[in-house]
1. Please name all residue pairs, on different chains or six or more residues apart, with Cβ atoms under 6 Å, provided the first residue is in region 98-125 and is under 21 Å from ASP277 (Cβ atoms) and the second residue is assigned to a loop (DSSP other than H, G, I, E, B) and open to solvent by 10 Å² or more (accessible area, probe 1.4 Å).
2. Please enumerate the residues belonging to region 136-149 that are more than 11 Å from ligand 1 (Cβ to nearest atom), of a type outside the set (D, E, K, R) and over 30 Å from VAL77 (Cα atoms).
3. Quick check: anything in region 96-110 open to solvent by less than 30 Å² (accessible area, probe 1.4 Å), small (Gly, Ala, Ser), over 27 Å from SER305 (Cα atoms) and modelled with pLDDT under 95?
4. Would you pick out the residues in region 100-136 that are over 15 Å from LEU285 (Cα atoms) and basic (Lys, Arg)?
5. With respect to GLY71, is the statement that it is small (Gly, Ala, Ser) and within 16 Å of ligand 2 (Cβ to nearest atom) true?
6. For ILE358, work out the one condition from (1) in contact (Cβ under 8 Å) with a residue 60 or more places away in the chain; (2) open to solvent by 20 Å² or more (accessible area, probe 1.4 Å) it doesn't fulfil.
7. Looking only at region 206-220, which residues are under 24 Å from HIS415 (Cα atoms) and open to solvent by less than 40 Å² (accessible area, probe 1.4 Å)?
Amino acid sequence: MNLLIIGSGGREHAIAWKISQSNKVKNIYVTPGNPGINLEEKVSLIEIDNPTIKDYIGIAKEKSIDLTIVGPEAPLVEGIVDEFNKNNLKIFGPNKLASQLEGSKDFCKNILNSGNVRTAKHRSFKESISAIKYVKEQNMPIVIKADGLAAGKGVFIIDDRDKAYKLINDLFTGEIGGIKTSLIIIEEFLRGEEASFICLVSGDKVIPLASSKDHKKLYNGDHGPNTGGMGAYSPTKLINSKISNVVINEIITPTLNELKKKNIEYEGFLYAGLMIDKNQVPYVLEYNCRLGDPEAQAILMRLESDIVEIFLATINKKLDDLEIKWKSESACTIVLASEGYPGPYEKGKKIEGLDHEISGTKVFHSGTSIQDRNFITNGGRVISVTALGVNLQIAQAKAYDRSNQISWEGKIKRHDIGEKEINNKFTFS
Ligand code: AMP
Ligand code: GLY
C-alpha cells in the first residue's frame, strides 16, 4: 500500500514511524513533514507552500495513495474527509460536521449539554458588554475560551476580574497573539487531575487506546500558560478500568448519540480531554478530533499491533473484529521547546546531540529544519523524546537522559513529566 500522512509535527513523526513498521506498506508520503520524519524507512516528503485540500487530492491521485491519515485538526475541520470521499479516495478521520466537536467549542458545549454529559458550566457571548457583566457575577478563577481553532493557545485561566474584562475586550478586537474571535465561551474553573482519553470510533463501536496524560502548562508543577503539551506518558492510573467504563458510557456514547440525532456519524480518533475530580468523577474539558501531540508519541511507542490494520478496520467499519495489543511497559515523552514558546520564539538554532542513542528511546522531530546539513530549530516545540521502561520511573529517567544529550541555545523543557504519578501525588491521592 501507499500511504499519505498530512502534518509536520512530533505526532505525525510517531505515526510515520509506526506505519513504516507495517509490512502492508510500500511507500509513505508525508506532506509537508519535517527532515526528522524523512529519516524513517519508506518515507518521502512532499513539500508544497500553503497547501489546499485540492492539493492533497492531487497528491493522493498522483502517488496512487491507498489511504490518507490526517495528523492535525485544521484539515479535518476544513472538511478534507468529505472532499476525499467525494473523489473516492480513502481517508482516516472524522468528516467536517463531526470535526466541529473540536472546531467549535460552542458546538461542543451544546452537544455535551444536550447529552447531559458532565462538563464545566458555561455561557457563550458574542459581544463584550454582556460577557463582562457575566464575569462580574462569577467566582474567580474563571476560564475564558476563544471559539475556533487556536493551536491550544485560545484558553485563558484568569484569577482577577480586571484582567478578565481586558481579555474579553482584547479577544473580540484581536489584540491577543493573533487570536481574534466573534464568540467567546466563559466557563467555571474545574479542579482535579487532567487525563487524555483517546478512542477509535466507527459507527456505534468505540475502542479506547492506551490511557495517557499530557502536561499542558509551560512550567513545572503545572504553572504558567497553556501550551500544546510539554510532555506526556502512558498508561496512567488516573484512568483505571472503572473510570474507562464511566467515560465510555457516560461521556463518549451520549456524545455520539447526540451527534447521530443531528445525522452526524463519527469515524476516526476521538480525544476527550478530561478533568477527573477528587471523587474520581470525569468531566469533559474539550474534545479533539485527532490524536494528541505529545500523547501520540507515548501511546504509539506502546502499540504492539500493526497500526495500518487499525486504520483499515476503522474505515471499513470492522472494529468488532479488532483487538489492539499494547506493550506492558510504560512510555514517557519529554518535549524540548524553544525559549519564548508558547509566545514568540527564535528559529534557526543549531541542534546538537541528535546522533546519540539509548536503547528503548526514540527521538521524534516536532519542529526542525535542515541548514548546511545540520538540524536547526524551526518551531515552538522542536523535539519530543520518548522512552519505554518497565515502569514509568524508568521510562522517565531514560527519556530525561536522552533529552539531556540534545541541546541548542535556548532549549527549554519541564523537569517533572510523570512525577506526580510516580510519587502518588495527584491532588486527590
Ligand atoms: P481546552 O483546549 O479547552 O482543553 O483547554 C486547554 C487547557 O486549559 C486544558 O487542558 C486545561 O488545562 C485548561 N482548562 C480548560 N478548561 C478548563 C476548566 N473549565 N477548568 C480548569 N482548567 C481548564
Ligand atoms: N496535547 C494536547 C493536544 O494534542 O491537544
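The values are calculated or read from the model by the stated rules, or taken from the named source; none is laboratory data. If you're wondering where the values come from, they're calculated on a predicted model, not measured in any experiment. Neighbour counts are summed over all protein chains in view; Cβ atoms, including those assigned to glycine, are modelled from backbone coordinates with ideal geometry. These accessible areas exclude ligands, DNA and RNA; they are computed on the full protein's heavy atoms, side chains included. Shrake-Rupley method; radii C 1.70, N 1.55, O 1.52, S 1.80 Å.
1. LYS105/ASP147; ALA120/LEU190
2. Of everything in region 136-149, those that are more than 11 Å from ligand 1 (Cβ to nearest atom), of a type outside the set (D, E, K, R) and over 30 Å from VAL77 (Cα atoms) turn out to be GLN138, ASN139, MET140.
3. Within region 96-110, one or more residues are open to solvent by less than 30 Å² (accessible area, probe 1.4 Å), small (Gly, Ala, Ser), over 27 Å from SER305 (Cα atoms) and modelled with pLDDT under 95.
4. Answer for region 100-136, where residues must be over 15 Å from LEU285 (Cα atoms) and basic (Lys, Arg): LYS126, LYS133, LYS136.
5. Working: small (Gly, Ala, Ser): yes; within 16 Å of ligand 2 (Cβ to nearest atom): yes.
Judged against the criteria, GLY71 is a match.
6. For ILE358, the exception is condition (1).
7. Our first condition is that a residue be under 24 Å from HIS415 (Cα atoms); within region 206-220, this holds for 210-220.
If the condition is that a residue be under 24 Å from HIS415 (Cα atoms) and open to solvent by less than 40 Å² (accessible area, probe 1.4 Å), then ALA210, SER211, SER212, LYS213, ASP214, HIS215, LYS217, LEU218 are the ones that fit.
To keep it simple, each residue is scored yes or no on (1) surrounded by fewer than 18 Cβ atoms within 10 Å (Cβ to Cβ); (2) at pLDDT below 95.
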| residue | (1), (2) |
| --- | --- |
| GLY93 | no, no |
| GLY115 | no, no |
| THR119 | no, no |
| ARG123 | yes, yes |
| LEU167 | no, yes |
